[in-house]
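One structure, as structure tokens, below. Some questions next.
The values are calculated or read from the model by the stated rules, or taken from the named source; none is laboratory data. Since the structure is predicted, the reported quantities are computational estimates derived from the model, not experimental observations. Reconstructed Cβ throughout: ideal geometry from the backbone, glycine too, with neighbour counts over all protein chains shown. All accessible areas refer to the heavy atoms of the entire protein, side chains included, with ligands and DNA or RNA removed. Shrake-Rupley method; radii C 1.70, N 1.55, O 1.52, S 1.80 Å.
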Amino acid sequence: MLRHSSASPLLSLPGAVPAEAPDEGVAAHYGDLFREQRALADGSGFVDLSHRGVVTVSGPERLSWLHLLLTQHVSELPPGQATEALILSANGHVEHAVYLVDDGETTWMHTEPGKQEALIAYLESMKFFYRVEAADRTADFAVVHLPAGSITEAPEGSVVRETPHGRDLFLPRAALTSFAAAHGPAIGVLALEALRVEAHRPRLGLETDHRTIPHEVGWIGGAVHLQKGCYRGQETVARVQNLGKPPRRLVFLHLDGSEVHLPPHGTPVRLAADGEEGRQLGFVTTSARHHELGPIALALIKRNVPTDAPLIAGGTAAAQEVVVEP
């Protein structure tokens, strides 16, 4: 089910193949997955992320208020500086991941497709007497990703979120088609996902489930600031950081390239020595075909699995690389 009233207009471009969940509404690719990956890695083209939710927070107290709710230190966030943050449950489980930038008057953030309504509902419940206004801007603004190294100039007046992995533009949705015509080639989300897996970057709803805590998937430091408190779930973060280890850990998998099919999200991961009937130790979170590395994946497995143990994902042999230390 699409999260907007209509699919992206860029699905009408030549070769466009619609993406599947959770990325319905935009293109998976435009006919040549590896060419698109290489272009993205070289800093060319753009990725249509217009299916992602866009939320803004305005008002003079927006940053101090968000500082109380988010895992990131944002009370003095300078205009134009990108950051990312989580919202946790009272037990420290990840509920939302937001990617934000402040333009000096408004904080702009994008989140997973379809998550903006729940995010807005939570923000509204926490307003109390603060002078802030949260708004769902998904119907009016589209996110477009420009890869690192791109020389494309952001359209005048657009909000830009610049990171080491590239720039996210918040464009008026009505300008999406003209932007594509001027700044192609368009690149599908599968290419971006392959580079995300290569970079070991977690994604809410894929690398996470209802039990995930930030330590398990490598969000400490990047999305969780350890020198601040005052947010829901902070006690769990501090306890794991100071006294223990997370029960699971994210790993990167090199998959057997002779297999025709990639193991989908949720595929059981086991010790290769135990075979396909062995005890399940975790599950594949995202798999991809990479233009240089071949079939790769991220998986969430039990912390005590030996780091040198050969694994299998379903029936596919998998060699692990450590992402989160055991």
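Quick one: count up the residues across the range 182-233 that are open to solvent by less than 50 Å² (accessible area, probe 1.4 Å), basic (Lys, Arg) and closer than 19 Å to residue 166 by Cβ.
2
Looking at the range 181-219 only, could you name the residues that are over 11 Å from residue 47 (Cα atoms) and not in a loop (DSSP other than H, G, I, E, B)?
In the first step, residues of the range 181-219 are kept if they are over 11 Å from residue 47 (Cα atoms); the result is 181-182, 194-219.
Of everything in the range 181-219, those that are over 11 Å from residue 47 (Cα atoms) and not in a loop (DSSP other than H, G, I, E, B) turn out to be 181, 182, 194, 195, 196, 197, 198, 214, 215, 216, 217.
Among what's in the range 100-125 and is touching a Ser or Thr at 6+ places or on another chain (Cβ under 6 Å) and polar (S, T, N, Q), pick the residue that is least open to solvent (accessible area, probe 1.4 Å).
116
Considering only residues of the range 256-272 that are within 20 Å of residue 203 (Cα to Cα) and not hydroxyl-bearing (Ser, Thr, Tyr), which is surrounded by the most Cβ atoms within 10 Å (Cβ to Cβ)?
Of the residues in the range 256-272, the ones within 20 Å of residue 203 (Cα to Cα) are 262-269.
With the extra rule that they be not hydroxyl-bearing (Ser, Thr, Tyr), the set shrinks to 262-266, 268-269.
On the way: 262: 19, 263: 23, 264: 13, 265: 17, 266: 11, 268: 17, 269: 26.
Applying the filter and picking the extreme gives 269.
Here's a follow-up. Please return the ranges of strands (runs of 3 or more DSSP E) entirely within the range 278-320 where 1 or more residues are of a type in the set (S, T, N, Q). I'd like the intermediate steps shown before the answer.
Values: elements: 282-290, 294-302, 311-313.
So the answer is 282-290.
Which count do you get for residues in the range 273-301 that are open to solvent by 80 Å² or more (accessible area, probe 1.4 Å) and either under 23 Å from residue 40 (Cβ atoms) or touching a Pro at 6+ places or on another chain (Cβ under 9 Å) (or both)? Write out each step before concluding.
Within the range 273-301, the subset open to solvent by 80 Å² or more (accessible area, probe 1.4 Å) is 273-274, 276-277, 279-280, 292.
Filter again for either under 23 Å from residue 40 (Cβ atoms) or touching a Pro at 6+ places or on another chain (Cβ under 9 Å) (or both), leaving 273, 276, 280, 292.
Total meeting the criteria: 4.
With the condition being of a type in the set (Asp, Glu), I'd like the strands (runs of 3 or more DSSP E) fully within the range 132-179 carrying at least 1 qualifying residues. I'd like the intermediate steps shown before the answer.
Working: elements: 133-136, 141-147, 159-163, 166-172.
Those strands (runs of 3 or more DSSP E) span 133-136, 159-163, 166-172.
Then there's this: Considering only residues of the range 234-247 that are open to solvent by 20 Å² or more (accessible area, probe 1.4 Å) and not in a helix (DSSP H, G or I), which is nearest to residue 270 (Cα to Cα)?
Among those residues, the one meeting the criterion is 247.
Still on this structure, I have one more. Give all pairs with beta carbons closer than 6 Å in which a residue from the range 4-27 that is at positive phi meets a residue that is of a type outside the set (D, E, K, R) and open to solvent by 30 Å² or more (accessible area, probe 1.4 Å); count only pairs at least 6 apart in sequence or on separate chains.
15/31; 25/2; 25/7
One residue is enough: does the range 134-150 have a residue meeting the conditions in contact with a Phe, Trp or Tyr (Cβ under 8 Å, 6 or more places away or on another chain), closer than 18 Å to residue 168 by Cβ, polar (S, T, N, Q) and surrounded by fewer than 23 Cβ atoms within 10 Å (Cβ to Cβ)?
Yes, there is a match, as at least one residue in the range 134-150 is in contact with a Phe, Trp or Tyr (Cβ under 8 Å, 6 or more places away or on another chain), closer than 18 Å to residue 168 by Cβ, polar (S, T, N, Q) and surrounded by fewer than 23 Cβ atoms within 10 Å (Cβ to Cβ).
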